[in-house]
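Undergrad: First the structure, then my questions, so here it is.
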Amino acid sequence: MTTDRVVHPIEQESFRRLRSRLDTSHFAPLTRAVVERVIHSAADLEYATDLVCDERTLEAAHRALHAGAPVVVDVEMVAAGITRRETVCRLKEAVAGPELTRSAHAIRLAYEQVGPGAVWVIGCAPTALEELLVLNAEPALVIGLPVGFVGAAESKAALRESGLPAVSNVSEKGGSAVAAAALNALLYTPLTSTTSTPLTKENA
């Protein structure tokens, strides 16, 4: 549960300029919130066509998130961008092995801690996303936006093919800031919002 959020005038102006350059009115409310906040975080309008998400999936994840579903992140940089919810990050305790990266081990440790029904936010390591896909994690949502030239696009394609509830993007770009932004879009949108409620500056 979150309290009403006060939007800084600079942020309001940033979203006004974004909307003056890109028409997002055709998106469903939660999809629009995610797309706009990701674009805002990266100043990259191409995310409007690069992101892959589904409104019904977002609605279910939105309910789970506001009902208190745990939030797991792959790195502390993602956690730093999420200010309205405590997160789980086990990277400090993780250890790399012969066939397991430290990021992948951190995902294993986090799943042992939170179990099924969590929201997973992966914005750095493709191997973290790959590891999540082999676990029977039963996530409420996977925000899979790792970045890089090796494995990033492939891991996100695998996420989409898995059928898990997800937000991803097609290209190699991504990163901690955009992953946190996608999660924040759901946190900042009040639970009372419905698919017929237009997005406003107050819940942008």
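The values are calculated or read from the model by the stated rules, or taken from the named source; none is laboratory data. Worth saying up front: this structure is predicted, and the values here are computed from it rather than measured. Glycine also receives a Cβ, built like all others from the backbone with ideal geometry; neighbour counts cover every protein chain displayed. Surface areas here come from the heavy atoms of the whole protein model, side chains and all, with no ligands, DNA or RNA. Shrake-Rupley method; radii C 1.70, N 1.55, O 1.52, S 1.80 Å.
Undergrad: So how tilted is helix 9-21 from the main axis of the chain? Cα-based, degrees 0 to 90, rounded to 10.
TA: Long axis of 9-21 versus the principal axis of the chain: about 80 degrees.
Undergrad: Would you check the accessible area of ARG160, probe 1.4 Å, heavy atoms only, in square angstrom rounded to 10?
TA: Its accessible surface works out to 80 Å², give or take rounding.
Undergrad: Let me ask another. Going by accessible area, probe 1.4 Å, with all protein chains left in place, what is the ranking of LYS92, LYS156, LYS173, largest first?
TA: Result of the area sort, largest leading: LYS92, LYS173, LYS156.
Undergrad: Give the accessible area for LEU145 in Å² (nearest 10); use a 1.4 Å probe, count only protein heavy atoms, and leave out ligands, DNA and RNA.
TA: 0
Undergrad: Apply 1/(1 + (r/R0)^6) to the Cβ-Cβ distance of PHE149 and GLU13, taking R0 = 22 Å, and write down the FRET efficiency to the nearest 0.05.
TA: Step by step, r from the Cβ atoms, then E = 0.05.
Undergrad: Between ARG160 and ALA96, 0.36 nm times their residue separation minus their Cα-Cα distance comes to what?
TA: Roughly 20.4 nm would be gained on extension.
Undergrad: Quick one: accessible surface of THR57, probe radius 1.4 Å, all protein chains present, in square angstrom to the nearest 10.
TA: 30
Undergrad: Would you mind classifying the range 62-165 by shape? Square roots of the alpha carbon gyration tensor eigenvalues, ordered a ≥ b ≥ c; an a/c under 1.5 is rounded, otherwise it is prolate if a/b is larger than b/c and oblate if not.
TA: rounded
Undergrad: Here's something else I'd like to know. What is the extension gain from THR83 to ASN136, computed as 0.36 nm multiplied by their sequence separation minus the C-alpha to C-alpha distance, in nm to one decimal?
TA: Taking THR83 through ASN136 to full extension adds about 16.3 nm, to one decimal.
Undergrad: Let me ask you something else. Inverting the mean 1/r over all pairs of different Cα atoms, compute the Kirkwood radius of the chain and quote it in Å.
TA: After inverting the mean inverse Cα-Cα distance, the result is 16.8 Å.
Undergrad: Give the distance, in whole Å, between the Cα centre of the range 113-173 and the Cα centre of the range 1-52.
TA: 22
Undergrad: What order do HIS105, HIS26, HIS62 take when sorted by accessible area (1.4 Å probe), most exposed first?
TA: Largest to smallest exposure gives the sequence HIS26, HIS105, HIS62.
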